[in-house]
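Structure first, commentary second.
The values are calculated or read from the model by the stated rules, or taken from the named source; none is laboratory data. All values derive from a computational prediction rather than experimental measurement. So basically every Cβ, Gly included, is an ideal-geometry build from the backbone, and we count neighbours across all protein chains shown. Accessible surface areas use protein heavy atoms only, side chains included; no ligands, DNA or RNA. Shrake-Rupley method; radii C 1.70, N 1.55, O 1.52, S 1.80 Å.
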Amino acid sequence: MRNISKIFASTLVTLTLSSCGGAGDTESVPCALCGDLNDLRGSIASKSGSQAQMQGWVIASFERDTGIARVGEVDNAGLYTLSKVKTNLSQTIALFTPDYILQSVLSVPGTAEKTIKQFVKFGRPVIPKLINNGPIVTFQDFNGLTVMNDLASDMDGDGIPDGSVSIGGGAALNLAPSSAIDQDLDGIANEKDPDIDGDGIVNVLDPDDNGNGVLDVFDGDANGDLFNDTAPGETDTDLYFKEGADWIAVQFELKPIEDGTGNETTLKFTIKINDSFVPLAVQIRGAPSLLNSSTYIAYDADGNPQIQLWNRQLMDDGISEDSNSSDRIFAKKIVLPSAKLPRAHETIFFQLAFGSLSAPSYIEFPYVFPNVKPAAITAAYDKSTKRVMLLGNPFGEIQDYVWQIYVWNATTGASVWNSKAIPGGTKQYSIQDQFLDPTVEYKFSVIAQSLDKIPSYPSYAIHSKKYDLK
Ligand SMILES: [Ca+2]
Ligand SMILES: [Ca+2]
Ligand SMILES: [Ca+2]
Ligand SMILES: [Ca+2]
């Protein structure tokens with residue numbers, strides 16, 4: 001059984017004394033494009049030594065203190081470029097398949113027993129050659145690198161941090177001890193720790209930041225700081241950023257099509273741009289296998305809906321499900337082609353373009369889909385008890401969700417009542433019918449959803465069809 005707390009308790013003194021920059025120190029400057037911005041080039045080979053085999057893979061460098069990424073795609077010679085990297089800041093590297101599925105995290109041999117290191121500063125425009133040995137990626141040498149002292153747990157000493165053992169298989173990631181304010185006892189409080197549970201998967205890539213076995217999207221205190229993540233002023237979870245963007249949200253929705261021909265699967269991308277940043281464009285980077293052929297609804301001059309092929313752009317025009325125009329909330333809701341679903345650990349990046357339109361650079365904000373397989377739900381109404389029953393399991397065995405009942409006027413389609421949020425473990429709930437007019441016909445539906453991490457932006461929402469309320 002793994003016990004990360006013990007490991008870090010034993011190394012705590014050494015770490016605190018030797019930690020470069022000091023525990024909890026922040027290197028961030030409050031500006032998305034301040035500091036040393038440099039283009040970095042590198043090469044990567046597969047375990048067998050082939051660089052060509054890595055064509056199409058995706059390499060990202062993540063700033064330790066902000067989670068902001070620079071992303072490059074590997075060409076047919078195994079070469080890549082990361083543009084405008086802040087080389088004065090600590091970074092870690094992660095590797096994604098051509099389908100943008102997180103495959104390998106950086107592993108540098110640690111100085112303390114049963115640990116590895118993951119953060120470096122790049123001191124040269126050429127990054128030492130990377131070797132993909134999934135689930136870890138390693139440097140062939142350390143020329144020009146400054147290795148930082150942040151540690152991650154590697155209990156069996158094989159160089160694979162505990163959280164990444166199962167990345168390739170797509171299973172749920174590692175469990176760790178219960179939450180505390182400095183959960184992994186590395187001397188860095190959760191609110192400033194880029195890897196709260198110390199398992200070697202940085203928070204922005206970790207589907208379970210505090211390692212308690214409850215995925216962030218179903219965990220009301222995903223960062224383990226003993227404050228509800230949606231309490232006023234709580235802006236220290238994965239979807240909030242300190243620079244460039246205030247927050248991001250990705251929402252998966254499964255909804256029966258009105259004409260009864262099946263379900264529609266949509267993804268809605270929303271980003272609130274920081275007041276200090278004016279991007280040239282706002283768009284989504286992700287797997288062609290997921291996003292190509294996706295569509296959205298546009299409206300012609302007469303207000304008629306038109307299906308358009310999506311060009312990866314998010315808009316702040318007031319007609320893109322982006323709240324008001326020019327409020328710095330950019331969004332787009334897209335319809336996925338049938339049978340397409342985000343896969344476990346599949347990653348998308350919100351891209352903010354800067355520089356020039358002819359040769360833009362990007363700062364990128366990652367979102368990783370957890371290992372959740374949403375399923376359609378149905379509901380039934382028992383007239384004698386006035387209870388609505390939720391049937392089916394929207395998230396498999398996971399019960400840490402909430403659901404709500406909606407009652408609709410069958411003629412006008414107007415919503416006339418909705419229940420409070422009901423815990424997923426409660427499968428029946430009474431409709432309060434005193435407000436119902438016995439001469440009017442009603443319909444009801446239920447919606448099951450994950451918890452809000454950004455208020456009003458749950459990551460998953462599964463709708464039932466509308467049924468007659470009788
Ligand atoms: Ca982690
Ligand atoms: Ca958790
Ligand atoms: Ca919290
Ligand atoms: Ca807007």
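Structure notes:
- Every test in (1) within 19 Å of PHE365 (Cα to Cα); (2) part of a loop (DSSP other than H, G, I, E, B); (3) open to solvent by less than 70 Å² (accessible area, probe 1.4 Å) is passed by SER276 save one, and that test is (3).
- Looking across the stretch 354-396, the residues that are at pLDDT below 95, more than 30 Å from LEU33 (Cα to Cα) and among the hydroxyl-bearing types (Ser, Thr, Tyr) come down to SER384, THR385.
- The stretch 330-340, subset at pLDDT 95 or above and open to solvent by 30 Å² or more (accessible area, probe 1.4 Å), residue nearest to ligand 4 (Cβ to nearest atom): PHE330
- Of all residues in the stretch 304-327, none satisfies being assigned by TED's automatic domain parsing to the domain that holds THR266 and in contact (Cβ under 8 Å) with a residue 60 or more places away in the chain.
- Within the set PHE350, PHE354, the sole residue that is buried (at least 22 other Cβ atoms within 10 Å of the Cβ) and away from ligand 3 (no atom under 16 Å from the Cβ) turns out to be PHE350.
- Among all residues of the stretch 110-133, there is none that is within 26 Å of the chain's Cα centre (by Cα), on the phi < 0 side of the Ramachandran plot and within 16 Å of ligand 2 (Cβ to nearest atom).
- ASP327 vs. criteria surrounded by fewer than 20 Cβ atoms within 10 Å (Cβ to Cβ), charged (D, E, K, R) and either more than 25 Å from the chain's Cα centre (by Cα) or within 16 Å of ligand 3 (Cβ to nearest atom) (or both): no
- When the residues of the stretch 357-375 are filtered to those that are over 28 Å from ASP208 (Cα atoms) and of a type in the set (Gly, Ala, Ser), the one that is surrounded by the fewest Cβ atoms within 10 Å (Cβ to Cβ) is SER358.
- Looking at ASN212, ASN228, ASN203, just one residue is in the same structural domain as ILE188 (by TED's automatic domain parsing), among the polar types (S, T, N, Q) and open to solvent by 30 Å² or more (accessible area, probe 1.4 Å), and that residue is ASN212.
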